[in-house]
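*Asks:* Have a look at the structure that comes next, please.
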Amino acid sequence: MGTAGSESSLENALTQVNEYGIKMPRAMELMQQVAAVVDQWAGHFTTLGVSRADMELLAASIDRDALKRQRLAFL
């Protein structure tokens, strides 16, 4: 939980990095790494043979507007 309570956002998560012994520059680095990996999810899942129907279901969650905007802000 961050300073904005249970708001599900990367910005809110960053408000508590000190609680985990992580300095802000390192936290930003980690967020960028995770965002870059997640941004490639569709290609990876396609390579693994995930069905088109399942890809559509996953895209509805992984690439929904709010999450995609947050992810792209860290790329």
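Every read-out reported here was derived from the displayed coordinates using simple, explicitly stated rules and does not represent laboratory data. Worth saying up front: this structure is predicted, and the values here are computed from it rather than measured. In this analysis, Cβ positions are derived from the backbone assuming ideal geometry, glycine residues included, and neighbour counts consider all displayed protein chains.
*Asks:* So I have (1) 3, 15, 21, 21, 17, 11, 8, 4, 1; (2) 3, 16, 28, 25, 16, 6, 4, 1, 0; (3) 3, 16, 25, 27, 16, 7, 4, 2, 0, and one of them is P(r) over Cα pairs in 5 Å bins from 0, in percent calculated from this model. Which one is it?
*Replies:* (1)
*Asks:* Amide H to amide H, which residues 5 or more places from Gly2 or on other chains are under 5 Å from it, using H placed in the peptide plane?
*Replies:* Glu7
*Asks:* If amide H atoms are built 1.01 Å from N in the plane of the peptide, which residues on other chains or at least 5 residues away come under 5 Å of the amide H of Phe74?
*Replies:* The answer is none.
*Asks:* Also, quick follow-up: ³J(HN,Hα) across region 41-48 via Karplus (A = 6.51, B = -1.76, C = 1.60, θ = phi - 60°), whole Hz, x for Gly/Pro?
*Replies:* 4, 4, x, 5, 5, 5, 4, 7
*Asks:* Residue by residue through region 51-61, which ³J(HN,Hα) values in whole Hz follow from phi under the Karplus form 6.51 cos²θ - 1.76 cosθ + 1.60 (θ = phi - 60°), with glycine and proline marked x?
*Replies:* Values, residue by residue: 5, 4, 4, 5, 4, 5, 5, 5, 4, 4, 9 Hz.
*Asks:* Of the trypsin sites (Lys or Arg not before Pro) in region 7-75, which ones lie in a loop per DSSP and count no more than 10 other C-beta atoms within 10 Å?
*Replies:* Lys23, Arg64
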